[in-house]
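FYI, it's all coordinate maths here, none of it is from the lab. Here the structure is a predicted model, which means the values were calculated and not measured. Using ideal geometry, Cβ is built from the backbone for each residue, glycine included, and neighbour counts are taken over all protein chains shown.
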Amino acid sequence: MGRSSMAQPAERLWNSVPEAMPLKQPSYAAAAREILERCRGEGPPNCVARCPLHVDARAYVQLAKEGRFREALQKVREKLPFPGILGYVCAHPCELACKRLDEDEPIRIRDIKRFLAEWEPGEPQHLLDRAPERGKRVAVVGAGPAGLLAAHDLRRLGYAVTVFEREEEIGGCLTHKIPGWRLPREVVTRDLSVIEALGIEVRTGVEIGRDLSLDDLRRGHDAVLLLVGYAGARRLAAGNVHLGRRGSGTLLIDPITCETGVDGVFAGGDAVSGPATVITALALGRRVAESAHRFLEGVDLRQDREAPIPPRLLWGLEVPEEERRRRVRLPVMLTPANAPMTEEEVRAEGERCLDCECGLCVADCEFLAASCQSPKDLARQVLDGLDRPETLKMIYSCNICSLCETVCPESLDTGKMLLEARREAVRRGLGPLPVHKGIVNYFNAGIGKTFTLIRSEPGRSRSKRLFFTGCALPAVAPGNTRTIYEELRKHYPGMGIMMYCCGAPVELLGMEEEFEKARQEILRQAEALGAEELVPACPDCAHTLKESVPELKVRTVWELLAGVWEPPRLREGASVAVHDSCKARHQLKVCTS
């Protein structure tokens, strides 16, 4: 493929990369990782996911809606120290992913940020807290957006930072390329005052390669960051043979670690990507700063990192991208900025925000509400190790009722993950727990000769249908069991009976071998009697049997008796209690019979 003579825009670097072939992993681990990847419980909402700096737009829009402007502005500054500048020139990719687009137009996230910055009275309240001094020096070459954010981040991490700038004024494109009628100079000055406030040394009028060599910088500093513009990349590469460059003139770096060919020297921004938007340059500067921090701390530069690819959107959009772009107010840099929003407009815009967060399963499930903030907490706990007592107790606390899957917009089943974890615990000899001894004994009794009865209808040697009583109904209500069987025989002659356990108790404990034995025995006995259909009274039994013995037809007592059996009339004023089993929620014929 031939090389282009033009620099490649940074946004084009955000292409998907082929995933490595997954290694075979236990089922419980695969289920846990699926929850970690797809669960919306911890976000981020689309606006945060698509922001290159991951500024929490949802949070500051909600705060602004409530009139808490100071808190909203400081929420912006937690990730972005230049709120005023970005309020004017941000390309706002967040708005292109706003879920509100499915209704009408996106939330005016950038304009709200601008309002907050201009609302602030007096001197700017920059976030100036920083880590203790580390005794290490870092040189940042370039005082454009990327270099200034990298310097800001490293200074707050406790490093002594010196910024070297070729021009006589810092700001790069903010002061030398974008006209003042589009980005007011007082806005730039106000935001960039954070650099001096943090104690970052700035040396203007210094050109690397003319006034100082790269080797000089490296000898005098523990790390060097090259965050110059596109033109500066050519000058730097021409003066140092160890700095590789593309045919377009941009520097060659490791896309994950931002390392150049010189030890301790990192690069990013337009020098690597070519001309980019301000928000993209800031994000690349932050990435380079993180690499330098890891390098100086002796931490693996690659661990838990990947090339800068936008994260997957957790809230899918129904509107096609072409239509979304039509609805979004894209920034036009050739005309003056729009008029600022009023306080009333900001509050009204906040009311339009859908406040994208999930938590549906936690809100509906008592177990999840008592155990976690989101299913991701449980997934991490499972992956951390099943041998911990608290983890074993947790995985056996779920009813495996599938309510979480029912309400989840991603159809994630936390119970399935916990069931797989129980099976793994049994394989390792960690489960079931001592407290489950009674359940195991109950199951063993339910399949033992003393408490089982499997036969065709009296007077017949074979029966196509078997009333499957399960193990609980005959024990709890023997009279009702007899009555049900008599009614079934009356309306469906030839009805046999199978008084046996469906295996659910051991299945839910993760005891696969015991469950398989019960399943095989049900099939064997049904075949011996010529049965083709099981008629359970219990919705849970029906659910289990439909999954475990698909060879047999399964219909509940309620379905068979509906329309042919007239229940006895109740005396006036009598109360009736109907227990709707969890597993019946998907058995519509049972619910409507």
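The table below gives the values:
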quantity: Estimated dipole of region 360-431 in Debye, rounded to 20 [Cβ of Lys and Arg +1, of Asp and Glu -1, Cα centre]; calculated: 320
quantity: The chain: relative contact order as a whole-number percent, Cα under 8 Å and 6+ apart; calculated: 15
quantity: Sum of side-chain charges, E343 neighbourhood, beta-carbon under 14 Å (Lys, Arg +1; Asp, Glu -1); calculated: -2
quantity: Stokes-Einstein D (µm²/s) once Rh is taken as the Kirkwood radius of region 167-324 over alpha-carbon pairs, at 20 °C in 1.002 mPa s; calculated: 122
quantity: Exposure proxy ranking, count of Cβ atoms within 10 Å, fewest first, for E420, E507, E71, E297; calculated: E297, E71, E420, E507
quantity: Extension gain, R352 back to A370 (0.36 nm per residue minus Cα-Cα distance, nm); calculated: 3.3 nm
quantity: Net charge dipole size for region 215-315 [Lys, Arg +1 and Asp, Glu -1 on Cβ; Debye, nearest 20]; calculated: 360
quantity: D_trans [Stokes-Einstein, Kirkwood Rh over alpha-carbon pairs] for region 362-427, 20 °C, 1.002 mPa s, µm² s⁻¹; calculated: 180
quantity: E167 paired with E559, simple spin-label distance in nm, labels 7 Å along Cα-to-beta-carbon; calculated: 7.4
quantity: Degrees, to the nearest 10: 145-156 long Cα axis against longest axis of the chain; calculated: 70
quantity: The chain shape via C-alpha gyration tensor axes, a/c threshold 1.5; calculated: prolate
quantity: Members of K65/K99; K65/K177; K24/K416; K24/K517; K393/K437 lying beyond 23 Å, as alpha-carbon distances in this model show; calculated: K65/K177; K24/K517
quantity: Length added when fully stretched, R219-W119, from 0.36 nm per residue minus Cα-Cα; calculated: 31.5 nm
quantity: 5 angstrom amide H check on C471, placed H, neighbours 5+ away; calculated: C502
quantity: 5 angstrom amide H check on R245, placed H, neighbours 5+ away; calculated: L252
quantity: The chain: calculated mean residue ellipticity at 222 nm from DSSP helix runs of at least 4, using -39500 (n - 2.57); calculated: -12000 deg cm²/dmol
quantity: Ranking of S273, S248 by count of other Cβ atoms within 10 Å, fewest first; calculated: S248, S273
quantity: Approximate spin-label separation V476-L433, in nm, with each point projected 7 Å along Cα-to-Cβ; calculated: 2.3
quantity: Under-5 Å amide H pairs with I454, H placed in peptide plane, nonlocal only; calculated: M499
quantity: Per-residue Cβ neighbour rank within 10 angstrom, fewest leading, C39, C98; calculated: C39, C98
quantity: Calculated FRET efficiency for the pair E410/L383, C-beta based, R₀ 22 Å, to 0.05; calculated: 0.70
quantity: Ranked packing of 52-61, 551-560, most packed first, by mean Cβ within 10 Å; calculated: 52-61, 551-560
quantity: Rounded to the nearest 20 debye, dipole of the chain from Cβ charges on Lys, Arg, Asp, Glu; calculated: 1160
